[in-house]
Structure formats: structure tokens, C-alpha cells
Amino acid sequence: MIPAGEVAPPAAGAPVVGVRDLFVGFGGGRKREGRVRAVDGVSFEVAPGEVFCIAGESGCGKTTLGRALLGLVKPDHGEVHVAGSEVSRLGGRRLKDFRRKAQMIYQDPMGSLNPRQTVYEAVAEGARIHALEGREEELVAGALSRAGLRPPARFFLSYPHELSGGQRQRVVIASALILGPDLLVADEPVSMLDASVRGEILKLLIDLKAEMGLTLILITHDLGFAWALADRVAVMYLGKIVELGPVEQVLTRPLHPYTKSLLEVAPEVGRRKDASVLTGEPPDPANIPPGCRFHTRCPVVVSGRAGAEEPRCRSEIPELRELWPGHFAACHLAEAALPP
Ligand SMILES: Nc1ncnc2c1ncn2[C@@H]1O[C@H](COP(=O)(O)OP(=O)(O)O)[C@@H](O)[C@H]1O
Ligand SMILES: [Mg+2]
């Protein structure tokens, strides 16, 4: 068994992840002019055992947010708490322990694996670094088996190039599982896989969550993936959460025009009458529009339907407000989207 870590377990019901007013930027001049605001003021909490989905177009800051959760990028401002500890303050033994308990899975399994390392070596590496108790071969076999590579010994001496994309991602997942994580951040774990195996890998993650009691943060550019997988979903646009709530609520009664537009291209959840396809690229995160950052692409504003609110959309940053119990949106026009 893996010995209990030093990171104290959170009190029952306490969030396992707490993000408060987080800003993460890259580059820019001496006074930070021109700095890319990848994560631009984000707050949320994730409960133990929850599947929390972070969705949004490419470049909106999902990966940076995921990396900040695990302390892999330094915030400009704000705090990230995981299992009761502030991540940026961890050091020494406590940091090493955190590195074991919080694991990230990236989208490209080939890029995550060393092409010259066998499956056995890849999965055993973490066990060695963290000096896990138990017979190494049993630990490796157990992790591979849990990740669905059975019989595990058949894969011990395989190299990544001998495996399918789905099998490679299972090896990456096994390398995380061997460490007995409490928190798994999966960054677009299926986006580079064949459509035919995507469902299997997502199902594996959900089954593991249930079996091992993990908390799962699932990052995706495809809002449709949140459906049936996530408990709650946060939709990001240009570094900010624009809508957050229970997945059914957000996908069937979206309040933000951006979420509605994303749903238009997610056939899994069906087309909506009030949705309109987004045009153009998101603006440059080094040069974020004033007011509501979405107003330059907002179908309501662009078509002149924002009426008397339009000046606010152009000048005032909308707060993330709770409009239904647990369902938040950052849009000056969101009330108008509420059913009477
Ligand atoms: N290491 C980095 N250096 C400079 N800019 C970065 C770096 N990582 C991300 N960015 C920029 O930050 C923004 C958000 O990127 P990212 O977090 O990767 O978004 P997503 O995962 O949603 O596609 C993008 O504009 C990206 O170009
Ligand atoms: Mg990304």
C-alpha cells in the first residue's frame, strides 16, 4: 500500500481545490505591457470526488489554469489551494508529496512518453522517484491493469511506437495511477486519439474516479464532452470563466451567449433555436477588449439586439453572478436569457 501522505486530507465536504482570484500571464514589457493574460481573474472550488469540466476554445487559458492548479506555473496574483495547502507555498517533502497526489495527463500521449523507454520502465519511474512501498512489479502490473491494459505483463516490454494511440494514453494514465493520486487533471486527454477510442478512454477516467474516489478535472475544447461525464462545467473565454454551473443546467439552459454559440457546434447536445455560430477568432489575450471581453464577437451585440444594455457591454466588465442556484454567468444580458 502507498503510505499516507503528508498533505492533510480535507475535512469532509471541504473543497479539494479552491482557486481565488487567479491571474497567470506570460511575457510582456518591464511594466507588463503587452503581457499575455492567459488566466485573468478566475475563482472556483471543486468538491472531493467531483468531475469538474473546464471548457472553451483553444487559447482561452485552460492548460495554463490546469498547470497552475498543480503549481507548474507561477501565478501573477491569487491563490490555489489543493487539499488544504496553498500550492505556491509548498516546498521540500510536502511539495514532493503533492507532486504524487496531484497528477496531470496531457493530450499527446506520444509526447508524454519517452520513445526509448518500455511500458514497464515508464510506469515504474514514478514508483521509484517516490520510493513507493511494495513490490515494484506488482505495483506496475496493478496500475496497467487498472488502466485497462490486461494482462499487464503482455505490455511490460512494449515500446510506445508498438502501441495504438489509445493504449499509449492508457500507459500515461497508469503512470499517474501508480502514485495513488487524489486529484487528476486531464488536459484534453482524448483530443489526439481516434474518434473510435475516445469514448473508452473517457469512460476509463470516469470509472477510475468512482473506483478510487479521485477528484477529476477534465479540460476540453469540446463542450459536448462535458455531457454525461461532468458534474459541473466552467466555460472560459479569454482567460475568464463566463459561465459555471451543473452540467445539465449549463448545457440545456445556457445563460451566456458564448456558451450558446459553443453548443451550436456540439451536436451531442443538440442544436438550439437561439444559438448562433461564432464568427472570427478570439481576440489576442495580450490585448483584451474593454467592457465584456466577448462583446466583439457576441451575436447579441453584433446583431444590435443588446438594446439599452449595449453601452455597458462595451465598457463595463460583467461580474460572474449567480442567476439560478449554483448557476453563474458573467453577462449583462443574462437576465434576459432567463425563462420568466
Ligand atoms: N509558456 C507560454 N509562453 C507564452 N505564452 C503562453 C504560454 N503558454 C500559454 N501561452 C498563451 O496563453 C494563452 C492561453 O494558452 P493555453 O493555456 O495553452 O490555452 P488553451 O489550453 O485553452 O488552448 C494563449 O494565448 C497562449 O498562446
Ligand atoms: Mg490547452
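The values are calculated or read from the model by the stated rules, or taken from the named source; none is laboratory data. In this text, all values refer to a predicted model and were calculated from it rather than measured experimentally. A quick note on method: Cβ atoms are made from the backbone with ideal geometry, for glycine too, and the neighbour counts reach across all protein chains shown.
Checked against the criterion of being within 13 Å of ligand 1 (Cβ to nearest atom) and in contact with a strand residue (DSSP E or B) (Cβ under 6 Å, 6 or more places away or on another chain), the candidates ASP187, ASP231, ASP222 yield just one match: ASP187.
Exactly one residue out of ILE105, ILE129 is on the phi < 0 side of the Ramachandran plot and more than 16 Å from ligand 1 (Cβ to nearest atom): that is ILE129.
Suppose we keep only residues that are near ligand 1 (Cβ under 9 Å from one of its atoms) and part of a loop (DSSP other than H, G, I, E, B) within the range 29-58. Which one would you say is surrounded by the fewest Cβ atoms within 10 Å (Cβ to Cβ)? Restricting to residues being near ligand 1 (Cβ under 9 Å from one of its atoms) and part of a loop (DSSP other than H, G, I, E, B), the top hit is SER58.
Comparison of GLY245, GLY239 shows that the only residue that is out of contact with any helix residue (DSSP H, G or I) (no Cβ under 9 Å at 6 or more places or on another chain), surrounded by 24 or more Cβ atoms within 10 Å (Cβ to Cβ) and modelled with pLDDT of 95 or more is GLY245.
Can you go through LEU223, LEU255 and tell me which one is among the hydrophobic types (A, V, I, L, M, F, W, C), buried (at least 23 other Cβ atoms within 10 Å of the Cβ), farther than 24 Å from ALA38 by Cβ and touching a Gly at 6+ places or on another chain (Cβ under 9 Å)?
After applying the criteria, what remains is LEU255.
If you go through the range 79-100 and keep only what is surrounded by 16 or more Cβ atoms within 10 Å (Cβ to Cβ), outside any helix (DSSP H, G or I) and touching a strand residue (DSSP E or B) at 6+ places or on another chain (Cβ under 6 Å), you end up with VAL80, HIS81, VAL82. In this structure, ASP274 does not satisfy being over 29 Å from VAL36 (Cβ atoms), out of contact with any Gly (no Cβ under 6 Å at 6 or more places or on another chain), at pLDDT 95 or above and not basic (Lys, Arg).
The set of residues in the range 226-251 that are free of Cβ contacts under 8 Å to residues at least 24 places away in the same chain and either in a loop (DSSP other than H, G, I, E, B) or within 16 Å of ligand 2 (Cβ to nearest atom) (or both) contains only ALA228. Restricting PRO254, PRO189 to residues that are more than 16 Å from ligand 2 (Cβ to nearest atom) and either under 13 Å from the mean Cα position of the chain (by Cα) or closer than 28 Å to LEU22 by Cα (or both) narrows the list to PRO254.
Restricting GLN103, GLN107 to those that are touching an Asp or Glu at 6+ places or on another chain (Cβ under 6 Å) and surrounded by 19 or more Cβ atoms within 10 Å (Cβ to Cβ) reduces the list to GLN107.
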